[in-house]
Amino acid sequence: MKQIHVNSEQVNCESLNLAELLNELGYAGAIVATAVNGQFVAQTNRQQLVIKTGDQVEVLAPMQGG
């Protein structure tokens, strides 16, 4: 099990890549922006991005307003 940070909160995860992590965290099918260690990760690259112990992951949902 890996220890990472998601939105500044420590999380233990078993995911191999960013796409699996989003599913594990309940974001499956959600429209979100993601960054790992300060670098934006496009949706098309989430399967290839391997999650490692100590990674800093940010998950941002779009805001609506007017």
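Just so it is clear, none of the values below were taken in a lab; they were calculated from the coordinates. Just so we're clear, the structure is a prediction, and the values are computed from it rather than from any experiment. Because the Cβ atoms are built from the backbone with ideal geometry, glycine has one as well, and the counts that use them run over all protein chains shown.
The residue among 44, 31, 16 whose Cα reaches farthest toward the positive pole of the charge dipole of the chain, with charges on the beta-carbon of Lys, Arg, Asp and Glu, is 44.
Given an 8 Å cut-off on Cα distances and at least 6 residues of separation, report the relative contact order of the chain as a percent. After rounding, I find 42 percent.
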